[in-house]
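Inspection log for the structure reproduced underneath, given as structure tokens.
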Amino acid sequence: MKRLGWGRAAMRTARANGLKVIRQGGRAYVLSDEILNYFKTLAV
């Protein structure tokens, strides 16, 4: 799975919206499948 790298403020927002944030190598990521599913819920 591909990962999408974001900044700290975006990660706080993602956590607040219920997305799982992965910390790896000093960076934070959200799995692309998870974020795409989240965007689909916003579109409806």
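Every read-out reported here was derived from the displayed coordinates using simple, explicitly stated rules and does not represent laboratory data. Everything numeric here is computed off the predicted structure, so don't read it as measured data.
Below, the figures for the structure above:
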| read-out | value |
| --- | --- |
| The chain: angle of helix 32-43 to the longest principal axis, Cα-based, in degrees nearest 10 | 40 |
| Scattering profile of the chain at q = 0.21, 0.23, 0.24 Å⁻¹ [log10 I(q)/I(0), Debye over alpha-carbon scatterers] | -0.64, -0.76, -0.82 |
